[in-house]
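*Asks:* What follows is a structure written as structure tokens; I'll ask about it next.
The values are calculated or read from the model by the stated rules, or taken from the named source; none is laboratory data. Keep in mind it's a predicted model, so treat the numbers as computed, not measured. Positions of Cβ are generated from backbone atoms using ideal geometry, with glycine treated the same way; all protein chains shown enter the neighbour counts.
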């Protein structure tokens with residue numbers, strides 16, 4: 001049994017990890033913690049107003065993003081180590097690209113049996129206007145989705 005876990009480092013991450021640990025222990029499953037990172041830092045300035053570009057140092061932007069990637073990767077590895085300390089096989093993987101498409105590609109690549117993902121509890125208006133990763137995964141996934149709901153206080 002293989003579980004793919006979508007990690008976004010939001011407030012719900014700890015709840016997603018706890019639920020995954022319970023499932024993985026019960027099923028003796030291998031866990032793949034996946035974080036889909038933002039686009040390549042070389043392309044990050046495409047969204048900025050060209051008139052304001054003189055005030056932006058692209059090198060500084062790339063450095064800040066690289067530092068964030070490094071921190072996220074380190075945190076992901078710490079999460080995987082926690083699972084290994086619980087006698088579970090676990091790997092932390094960081095990939096780049098469109099979130100839903102990349103997660104689904106990893107499902108195929110890893111032959112995952114199901115996905116664990118958190119719901120951020122967005123309101124109906126936000127859901128209609130923006131959609132959500134969990135909703136898109138539910139519609140497109142070839143494997144079952146275990147959706148961890150956000151706390152009502154969030």
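*Asks:* Of all residues being in contact with a strand residue (DSSP E or B) (Cβ under 6 Å, 6 or more places away or on another chain) and assigned to a helix (DSSP H, G or I) in segment 115-154, which is modelled with the lowest pLDDT? Just the residue, please.
*Replies:* Ranking the qualifying residues of segment 115-154, first place goes to 134.
*Asks:* Go through segment 72-100 residue by residue and tally those that are in contact with a strand residue (DSSP E or B) (Cβ under 9 Å, 6 or more places away or on another chain) and part of a helix (DSSP H, G or I).
*Replies:* Total meeting the criteria: 14.
*Asks:* Got a sec? Which of 76, 110 is crowded, with 19+ Cβ neighbours inside 10 Å and at pLDDT 95 or above?
*Replies:* Only one candidate qualifies: 76.
*Asks:* So, in segment 34-67, exactly how many residues are surrounded by 14 or more Cβ atoms within 10 Å (Cβ to Cβ) and either at pLDDT 90 or above or closer than 28 Å to residue 111 by Cα (or both)?
*Replies:* Residues in segment 34-67 being surrounded by 14 or more Cβ atoms within 10 Å (Cβ to Cβ) and either at pLDDT 90 or above or closer than 28 Å to residue 111 by Cα (or both): 5 in total.
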